[in-house]
Amino acid sequence: MIVIYFLNTKIMKNYTLNPHVAEVERSFMQKVYVWMSSALFVSGFIAYYLASYQAELLFSLLKNPAVFYGILIGQVGIAIALGGFSRKMNMATSLVFFYLYAISIGITFAGLFFVYTLGSIATTFFITAGTFSFMAIYGYTTKADLSTMGNIAFMGLIGVIIASLVNIFLKNDSFQLIISFIGVLVFVALTAYDTQKLKEIAHNADLNQESGQKIALLGAFSLYLDFINLFLYLLRFFGNNRD
């Protein structure tokens, strides 16, 4: 499932980077990546643990339509709650929703271990991590305005969603590969765009206040979504099916 959202905070396009602003920026981005990394760890741990030690429980969960679709609907609900109602939540509630989402992704991702070999999953993860890191660094350091690229990527994302829905009925493997290739390009671009946007948002965020903490958490959620969607599309190319 493709889930993405964009923060609605006003971006400062013209600014002077003084030492104080640079320190605030570094602290904000560090907080973002700590939360994002912790969520990835939670998802990965849950997926591996269920696939390795709780296979029967996992099969019973994923084979039950009510449970399976309940998890998917819950993921959408949590994403909407974090993106649309975070201002009304306190920080503790926002964190609970954030990690619940990471846990639910771990449950659904556990099924990947029965479709793809462990080696190919690990390889794809490291390829994803390398690609994500490169684009994040580019988005953080470039002086170019990536707004146009972000807008194009967003339109591409809409196209991918529509094409994916159509291919549910067509079941065309070649068409799915094309969709996956475009999906990789979309989330590569979104990684750079979201990173640059968060860097600029950081100048108005105060981590000493709860509002600043929640903005950082939403930023972590946005990059987390970029990472897991990029991973899923790359897995189409690098994942080796189990015999």
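The values are calculated or read from the model by the stated rules, or taken from the named source; none is laboratory data. Keep in mind it's a predicted model, so treat the numbers as computed, not measured. Positions of Cβ are backbone-derived with ideal geometry, glycine not excepted, and every protein chain shown enters the neighbour counts.
Here Y193 meets the list (1) out of contact with any Ser or Thr (no Cβ under 7 Å at 6 or more places or on another chain); (2) crowded, with 19+ Cβ neighbours inside 10 Å; (3) over 23 Å from A129 (Cα atoms) almost entirely, failing just condition (3).
Filtered by the rule that a residue be surrounded by 14 or more Cβ atoms within 10 Å (Cβ to Cβ) and not polar (S, T, N, Q), the range 162-177 gives A163, F175.
Just for the range 216-243: of the residues that are of a type in the set (G, A, S) and in a helix (DSSP H, G or I), which one is nearest to A79 (Cα to Cα)? Lay out the reasoning, then the answer.
Step one: list which residues in the range 216-243 are of a type in the set (G, A, S), which gives 216, 219-220, 222, 239.
Filter again for in a helix (DSSP H, G or I), leaving 216, 219-220, 222.
Working: A216: 15, G219: 13, A220: 12, S222: 10 Å.
Ranking the qualifying residues of the range 216-243, first place goes to S222.
Do you know which of the residues in the range 201-215 that are touching a helix residue (DSSP H, G or I) at 6+ places or on another chain (Cβ under 7 Å) and outside any helix (DSSP H, G or I) is surrounded by the most Cβ atoms within 10 Å (Cβ to Cβ)? Lay out the reasoning, then the answer.
Let us first name the residues in the range 201-215 that are touching a helix residue (DSSP H, G or I) at 6+ places or on another chain (Cβ under 7 Å), namely 201-203, 205-207, 210, 213-215.
From what is left, the residues that are outside any helix (DSSP H, G or I) are 205-207.
Details: A205: 23, D206: 12, L207: 16.
The selected residue is A205.
Taking the listed residues A163, A153, the one that is in a helix (DSSP H, G or I), under 16 Å from D226 (Cα atoms) and touching a Phe, Trp or Tyr at 6+ places or on another chain (Cβ under 9 Å) is A153, with no other qualifying.
Taking I127, is it assigned to a helix (DSSP H, G or I), closer than 27 Å to Q30 by Cβ and among the aliphatic types (A, V, I, L, M)?
Details: assigned to a helix (DSSP H, G or I): yes; closer than 27 Å to Q30 by Cβ: yes; among the aliphatic types (A, V, I, L, M): yes.
Judged against the criteria, I127 is a match.
Of all the residues in the range 185-243, those that are over 21 Å from Y101 (Cβ atoms), of a type in the set (G, A, S) and within 14 Å of the chain's Cα centre (by Cα) number 2.
Where helices (runs of 4 or more DSSP H) fall wholly inside the range 1-112, the ranges with 3 or more residues that are crowded, with 17+ Cβ neighbours inside 10 Å and at pLDDT 80 or above are 19-53, 65-85, 91-109.
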